[in-house]
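A.B. asks: My questions will all concern the structure given below.
The values are calculated or read from the model by the stated rules, or taken from the named source; none is laboratory data. None of these values were measured; they are calculated from a predicted model. In this analysis, Cβ positions are derived from the backbone assuming ideal geometry, glycine residues included, and neighbour counts consider all displayed protein chains. When the accessible area is computed, the model is the full protein with side chains, heavy atoms only, and any ligands, DNA or RNA have been set aside. Shrake-Rupley method; radii C 1.70, N 1.55, O 1.52, S 1.80 Å.
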Amino acid sequence: MKKLIIAPHADDDVLGCGGIMDENCHVVYCGLDETGIENRPSKDSRMKEIYAVQNITNHTFDILDNLVNRYDEYKLISQIAKIINSDKPDEVYVCHPSYNQDHRAVYNATMIALRPHDINYFVKKVFLYEQPQVYFWNTTGREFNANYFIPIDIDKKIKVYEAMETQVRSFRSPEHLRANAKIRGGQSNCEYAEAFEII
């Protein structure tokens, strides 16, 4: 089963799919931060974190040539479509369009890249993944409708998340990840789970 995870930023994949990431996953990071921006990690530190996660999950990845907070939806469409057509995944996971402008651009571009079309590879299973911080500030008018659940090892997910040291923050703390996974586990009759929305 080939899984393609579209991550607006290098941490969204872990926050939403860290429990299912494995050697069958290919992650597309849609961009990295510019170097030298105050209060932001450098590209080098972000790459170290991506490799640290890869050492745990064994996923493969690509990084698109885009700058965080400046995504061009039109450019993303062709970039994402190209990867879908070359990788031919069985499943695609894309983030719920949250309050973040990059998340919205990536969601819109991915939905366009996935549309049934005679020149596009048709992906039979498409899922939205959630971001725990959206519970605190959901301004999209679109609720996340959890209707597909996968049991996970929450300790492994938290270990993967903590490998992205610069991204561990109070509003999406390891405790929040554990609490969210516990709720999703309760909804699906297991101890801990990740939730997805079937598109």
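A.B. asks: Can you pull out every residue in the stretch 1-18 that is open to solvent by 10 Å² or more (accessible area, probe 1.4 Å) and either in contact with a strand residue (DSSP E or B) (Cβ under 6 Å, 6 or more places away or on another chain) or more than 16 Å from Asn66 (Cβ to Cβ) (or both)?
C.D. replies: Across the stretch 1-18, the qualifying residues are Met1, Lys2, Lys3.
A.B. asks: A further question on this structure: Would you confirm whether or not the stretch 134-148 contains a residue that is farther than 21 Å from His9 by Cα, loosely packed, with under 15 Cβ neighbours inside 10 Å and at pLDDT 95 or above?
C.D. replies: Scanning the stretch 134-148 turns up at least one residue that is farther than 21 Å from His9 by Cα, loosely packed, with under 15 Cβ neighbours inside 10 Å and at pLDDT 95 or above.
A.B. asks: Same structure, new question: When you scan the stretch 155-176, do you find a residue that is farther than 25 Å from Arg40 by Cα, open to solvent by 30 Å² or more (accessible area, probe 1.4 Å), touching a strand residue (DSSP E or B) at 6+ places or on another chain (Cβ under 6 Å) and touching a residue at least 40 places away in the same chain (Cβ under 8 Å), even just one?
C.D. replies: no
A.B. asks: Right, something else. Taking Ala109 as the residue in question, decide whether it is touching a residue at least 60 places away in the same chain (Cβ under 8 Å) and either assigned to a helix (DSSP H, G or I) or surrounded by fewer than 19 Cβ atoms within 10 Å (Cβ to Cβ) (or both).
C.D. replies: no
A.B. asks: What strands (runs of 3 or more DSSP E) completely inside the stretch 24-101 contain at least 2 residues that are open to solvent by 50 Å² or more (accessible area, probe 1.4 Å) and among the β-branched types (Val, Ile, Thr)?
C.D. replies: 60-63
A.B. asks: Within the set of pairs 6+ apart or on separate chains, which have a first residue in the stretch 66-92 that is closer than 22 Å to Pro116 by Cα, a second that is at pLDDT below 95 and in a helix (DSSP H, G or I), and C-beta atoms under 6 Å apart?
C.D. replies: Note: no pairs meet the criteria.
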